[in-house]
Each structure stands twice: as C-alpha cells, then as structure tokens.
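Step one of this worksheet: look at the structure below.
The values are calculated or read from the model by the stated rules, or taken from the named source; none is laboratory data. This one's a predicted model, so the numbers in the text were calculated from it and none came from an experiment. Note that we place each Cβ from the backbone using ideal geometry, even for glycine, and neighbour counts take in every protein chain shown.
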Amino acid sequence: MQWKSALIVFQVFLMVGLLIASCQTNQRSPKMNGISLVASRDSILDTEVNYVAETEANYIALMPFGFLPDSQEPQLKFNINRQWFGERTEGIEHTVSKLKERNLKIMVKPQIWIRNGTFTGDLSFKTEEDWKQFEASYAEFILLYAKISEELNVELFCIGTELFNFVSNRPDFWKNLISEVRKIYSGEITYAENWDKYDQTTIWDELDYIGVDAYFPIRDEASPDIDQIKEGWEPHLSSLESVSDKFEKKIIFTEFGYRSIDHALKTPWNSEREHPGLNLNLQANGYKVLFEQVWSKEWFAGGFLWKWHQRTNSGGLENSRFTPQNKPAEKELKRFYGSFRN
C-alpha cells in the first residue's frame, strides 16, 4: 500500500508542476510585438532583414498602398509601376518571403493615400454611381492582397485602415467584402480604425480582432513625466476594455507611435513638418509607459509600432519623426520586446 501512496503523491506533484509550467509559459508567451515596416523603393537585402530582426519584434506589418488623386475620384489605383517596389505585389511577396526566413510573422495591411493629405476617414462620394465604382476598385485591391496573403501563409490580414465614413455608410459592402475575404484567406482578419472612432465602428462582430490606430491624446504638457503619462492612459484603458468586453474580441493596436518632439503625447497623430522642439526622451518614455500599462492587459493582443525603415542609418538624434531608430526610444523598444525571448 505504501508504494501506491507514494505513486499518488508523485502524480500530484507532477500535475502541480505541469500546471505551474503551463502558467509560466502562458505568462511569457509573446503577444504581437510588432513593427510597421515602411515600403522601400527597392528590395530588402539580407543585411536589412537582419536589422529588422534585431528589433526583437515577432510580427511585421507590411503596407501595400492604393492611391486616389483626390477625394472625389472613385477609381482607386494600385499595383502600378509608378509605385515603389515595396508598395506593389512583387514587393510584398519578396519582403514576406525574406522575413519568414527569420521566422517572423506578418500582418498585411493595405492602405489608401489621398493626394494633398485628405484624411481617409472622411472619404465620401456624392453619387451612388461613384460609390459603386469606388467599392469595386477597393474590393479588387483588398482581395488581391488577401489572395497573396493566403499563398504566402501570412498570419494576419487587415481589410482597411481608418475608413470610418466608408464603413459606417456602406455596411452591406463591408459585410460582403469580409465574406469574400474569408473565402480565399484562412488566416485571422482585422480592420484598423482611428483612436477616436473605434468605439463607434460596427463591423467588429465579423472580425477576429478589434484593430485600433492608437494615437490617443495622453497629456497636454510639453514634456510630461512617467507618472503623468501613466495617469493620462487611464481613461483610454477603461474605454478599450469596455469595447473589448462588448464584442468579446481582443484588441490590437494596428498602429501606435510617438514623435521625438515636445507635446508628442498631446496630438500623437500630428505629422506636420513644423514642430515645437526636439524631445528624444519623451518619445522613449511614451513607449515605456505604453508597454508597461497596456501589454499586460488580458483584452490586449499586441501592437505594431509606427514606424521602422529598413535602412540602418534611418532616424538619428536630430530626427523629429515617428521612427525610434538610432534614438533612445529604440533601446526601449528592444528592451521590452527582447524581454519576451526565452
């Protein structure tokens, strides 16, 4: 009988050990620790793939572009020779293949650019004929890259970026588009809505994740400290959790980023060339708090930093743009993403 008791004790210890190991593994399992890789004029070199991998990211977002000459032109242009290599099908195919050699996962995220900087979220057409023409060209654009994403075993596909008016005003189109995408693409699907409209978006039930371009206003001060930044995140965290609970979907930050300037957390979406002054530490602190405050949340599935260039000399200590490259923020990014290794 003693050997039976010993066997039972051993089995209990074994089960407890497996349970603890499982919990530890789940706690350390990385979320989507992503960066948004800017399309390049030419192909990505092996040395540049290595440079991307050194960020410690496990997901890379690639953005093929479609263009409209103005907000009332209903014919979307895409995959044309005038575009950079990285914005066309051949560029996406090449870059996905090279990144997957390093076991990196991919989100393909087609986007629209309107000449003169018109915001895509305000896009609206005056006639039903124009809407139909635009919808046909947009569906062609999205289904092209959905098909490529399936062929290349891409893990995540984003069906649109910051198109609130379009999504709100044409629900039947979007329901049909999502259905058509799922017929040809077997991976997970999201949509990227702007930070101020994600809670008003109606298509989350049809998707696998709620995608948010997370340029939330955090603080008005020119250079807030860590505690002030943490305080500024609190109302946004509450709202994000509520929307996640409502739709029973996890949230991805399909974009997040800060510039290296004063007031970077007041209007993080601002990309104007004029700026109040360089502030490298604020950019780094903004990332530090975002990682600490958001990544541990159960409702959060990960995010994609905006943005990263494949050239090793990008960014720098005099650069005021979004990239963290060759700035203190790069160290913060690598420190956090690297903490999920092993």
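Descriptive notes on the structure:
- Test: residue in segment 218-226 that is in a helix (DSSP H, G or I) and either buried (at least 18 other Cβ atoms within 10 Å of the Cβ) or modelled with pLDDT of 95 or more (or both): yes
- If the condition is being under 14 Å from residue 213 (Cβ atoms) and polar (S, T, N, Q), then segment 231-256 contributes only 254.
- Residue within segment 271-280 that is in a loop (DSSP other than H, G, I, E, B), in contact with a His (Cβ under 6 Å, 6 or more places away or on another chain) and of a type outside the set (Lys, Arg) present: yes
- Taken over segment 244-266, the criterion of being more than 21 Å from residue 332 (Cα to Cα) and surrounded by fewer than 19 Cβ atoms within 10 Å (Cβ to Cβ) is satisfied by 245, 246, 247, 248, 250.
- Residues of segment 264-278 satisfying the condition of being in contact with a Phe, Trp or Tyr (Cβ under 7 Å, 6 or more places away or on another chain) and hydrophobic (A, V, I, L, M, F, W, C): 264, 265, 269
- No other residue among 297, 288, 230 is surrounded by fewer than 23 Cβ atoms within 10 Å (Cβ to Cβ), charged (D, E, K, R) and over 18 Å from residue 33 (Cα atoms) apart from 230.
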